[in-house]
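Some notes on the structure that comes next.
Coordinate-derived values only; no laboratory data. The model shown is predicted, which means the values in this text are computed figures rather than measured ones. Note that each Cβ is placed from the backbone with ideal geometry, even for glycine, and that neighbours are counted across all protein chains shown.
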Amino acid sequence: MIDISLPLQNRMITYPGDAHYEEYPYKTHEKDHVHITRVLMETHSGTHFDAPFHMLPDGKKASEIPLDQFQGRASVVYCSGAEIREEDIPSRHESIVLFKTKNSEKYSEHFDTGFTYIGLGAAKKLVADGCKLVGIDYMSVEKFNSPEPVVHKTLLRADVIIMEGLYLKDVQPGEYNFMCLPLRMSEDGAPCRAVLY
């Protein structure tokens with residue numbers, strides 16, 4: 001089993017403008033005879049999924065998405081360019097497509113605005129192909145500073161779940177079983193633990 005989730009920790013990478021993840025001891029063995037950690041985070045911290053409601057006021061909320069949409073056969077596809085284009089998508093692939101890019105080398109404390117992203121043509125192709133979940137190995141599928149989140153909206157309008165913040169550095173391209181269990185949150189998305197096997 002391959003864990004493709006980012007560890008949640010202080011100083012982890014955060015999309016510009018989002019709140020930073022924070023954790024600290026709330027109770028300690030020395031003072032309270034137990035250890036409890038307090039966590040402050042967003043629904044889009046670390047490895048997470050975007051529900052349609054994240055971008056669409058009338059879109060499905062996280063609580064309305066069945067868990068079986070988060071599991072199944074997956075294709076891990078490697079793309080070396082700055083933009084994932086329609087021609088980068090194999091003619092045959094599973095209903096879950098995870099893009100491995102040079103982004104997996106960029107996880108650090110500092111956000112890299114030049115990350116590889118999914119182009120609009122590729123997003124439309126993934127919808128036309130009947131994908132149920134699309135993931136990428138950085139904090140957004142959208143080009144940084146895009147005037148409109150057209151890729152998000154193209155996928156989410158078709159009820160294609162978006163996963164961001166995957167860690168695919170040590171994963172070889174190919175076919176896998178995929179399983180992801182998001183926290184049971186009700187609104188725009190949730191942090192996830194995702195694995196391949």
VAL150 and SER91 label points (each 7 Å along its Cα→Cβ direction) are spaced in nm at 2.8 nm
With 0.36 nm assigned to each residue of separation and the Cα-Cα distance removed, LEU67 to TYR15 gains 16.1 nm
The percentage of Cα-Cα pairs in the range 16-57 separated by more than 16 Å is 56 percent
Computed over the Cα atoms of the chain, the Rg and Dmax in Å are 16.8, 60
A chain fully extended from PHE111 to TYR24 at 0.36 nm per residue, minus the present Cα-Cα distance, gains in nm 29.1 nm
Label model pair ILE2, ASP32: point-to-point distance (7 angstrom along the Cα→beta-carbon line) in nm is 3.9 nm
Counting only DSSP beta bridges with both partners in the range 118-197, the antiparallel fraction in percent, to the nearest 5, comes to 60 percent
The relative contact order of the chain, taking Cα pairs under 8 Å that sit 6 or more residues apart, comes to a percentage of 31 percent
Rounded to whole angstrom, the alpha-carbon centroid of the range 125-166 lies from that of the range 32-93 at a distance of 9 Å
